[in-house]
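Chemist: Shown below is the structure under consideration.
The values are calculated or read from the model by the stated rules, or taken from the named source; none is laboratory data. Quick caveat, the model's predicted, so the values are computed rather than measured. Using ideal geometry, Cβ is built from the backbone for each residue, glycine included, and neighbour counts are taken over all protein chains shown. Keep in mind that these areas ignore ligands, DNA and RNA; they rest on the heavy atoms of the full protein, side chains included. Shrake-Rupley method; radii C 1.70, N 1.55, O 1.52, S 1.80 Å.
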Amino acid sequence: MTSNLAIGGQDHGLIDDFATGDGRSRLGTPWRLITDRVMGGLSNAVMSMREVDGRRALCMQGAVSLENNGGFIQVNLSLASDGYFDASDFDGVRLLVRGNGETYNLHLKTAATSMPWQSYRADFQATDQWREVRLPFAGFKPHRLVPALDLTRLLRLGVVAIGRPMQADLCLAEIGLYSG
């Protein structure tokens with residue numbers, strides 16, 4: 001089964017604006033916090049829903065540690081409760097973010113990403129002011145896999161602090177897909 005965002009209207013392409021505050025996206029799937037502790041790492045993180053400068057936001061804060069073969073914290077979201085998500089009508093992912101000046105990643109998982117370390121990745125910087133970031137699908141790089149990004153078979157997206165010791169402080173007020 002494949003799901004897709006409703007076509008047309010003001011919310012065309014919107015995955016979440018965190019208006020409900022219950023931790024569920026507009027797609028009906030829950031946001032989750034994952035750290036490298038699932039594989040023995042030592043990174044720590046918290047996920048919270050709060051208001052930041054008048055915007056309802058999902059925030060991820062924590063410390064990324066490389067100790068014990070670790071190195072990531074992330075908030076992620078399944079894009080469909082059953083089957084795949086088809087994003088082929090869109091050109092990329094749009095984020096409204098605010099952070100601490102660090103560089104973060106957006107990871108996409110598809111049917112081709114069978115191992116936990118595999119993903120399609122793009123990076124972005126989150127400054128101390130709210131700003132829109134657009135990440136074109138053409139700019140996502142495969143990490144430890146060969147197949148090209150198949151936009152008709154997306155499974156999950158994740159906003160990630162990864163790969164180096166850092167203090168993460170990132171808030172997301174909107175996430176969606178864009179055309180044009």
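Chemist: Determine ³J(HN,Hα), in whole Hz, for all residues of the range 136-143 in sequence, where each value follows from phi through the Karplus function 6.51 cos²θ - 1.76 cosθ + 1.60 and θ = phi - 60°; x replaces Gly and Pro.
Modeler: Coupling constants for the range 136-143: x, 4, 4, x, 6, 9, x, 10 Hz.
Chemist: Can you find, among GLY99, ASN69, GLN125, the residue farthest towards the positive end of the dipole of the range 68-175? Put +1 on the C-beta of Lys and Arg, -1 on that of Asp and Glu.
Modeler: Result: ASN69, furthest along the dipole toward the positive end.
Chemist: Output wanted: per-residue J couplings in Hz (rounded whole) for the range 16-33, from phi through Karplus 6.51 cos²θ - 1.76 cosθ + 1.60, θ = phi - 60°, x for Gly and Pro.
Modeler: 7, 10, 6, 5, 6, x, 9, x, 9, 6, 5, 7, x, 9, x, 6, 10, 9
Chemist: What number comes out for accessible area per residue over the chain if the probe is 1.4 Å? Units Å², please. Kindly include the intermediate steps, with their values, before the conclusion.
Modeler: On the way: 8620 Å² over 180 residues.
Solvent-accessible surface per residue comes out at 48 Å².
Chemist: Under 18 Å from a label point 7 Å along Cα→Cβ of ARG37: give me every residue in the range 66-84 with its amide N that close.
Modeler: Counting backbone N atoms under 18 Å from the label point, the list is 66-76.
Chemist: Right, another one. Note the per residue figure in Å³ for the convex hull of the C-alpha positions in the range 115-180. If you can, show how the numbers build up before the last one.
Modeler: Working: hull volume 8.1 nm³, N = 66.
It comes to 122 Å³ per residue, whole-number rounded.
Chemist: Remind me, relative contact order of the range 45-164 in percent, using alpha carbon pairs under 8 angstrom and six or more residues apart? Mind showing how you got there, number by number?
Modeler: Details: 235 pairs, mean separation 40.4, N = 120.
Once normalised by length, the contact order is 34 percent.
Chemist: Quote the charge dipole size of the range 89-180 about the Cα centre in Debye, to the nearest 20; the model charges only the Cβ of Lys and Arg (+1) and of Asp and Glu (-1).
Modeler: Working: 11 positive and 9 negative charges, 62 e Å.
Charge dipole of the range 89-180: 300 debye, to the nearest 20.
Chemist: Now a separate question. Mind checking Rg over Rh on the chain, alpha carbons, Kirkwood formula for Rh?
Modeler: On the way: Rg = 15.4 Å, Rh = 16.4 Å.
Ratio value, two decimals: 0.94.
Chemist: What ³J(HN,Hα) values, in whole Hz, does the Karplus curve 6.51 cos²θ - 1.76 cosθ + 1.60 give for the range 127-135 when θ = phi - 60°, with x put for Gly and Pro?
Modeler: Working through the residues one at a time gives 7, 7, 10, 4, 8, 8, 10, 10, 10 Hz.
Chemist: Ranking request for peptides 37-47, 166-176: highest mean number of other beta-carbon atoms within 10 Å first, then the rest in descending order. It would help to have the intermediate numbers written out before the result.
Modeler: On the way: 37-47: 15.5, 166-176: 21.0.
Answer by packing, highest mean first, reads 166-176, 37-47.
Chemist: Still on this structure, please answer the following. Sort 107-117, 19-29 by packing, meaning the average of other beta carbons within 10 Å per residue, with the highest value first.
Modeler: Numbers: 107-117: 16.3, 19-29: 14.1.
Highest to lowest by the protection proxy: 107-117, 19-29.
Chemist: A follow-up question, please. Considering only protein heavy atoms and a probe of 1.4 Å, how much of the accessible area of the range 1-137 is carbon and sulfur, as a whole percent?
Modeler: On the way: 3010 of 6590 Å².
The nonpolar share, carbon plus sulfur, comes to 46 percent.
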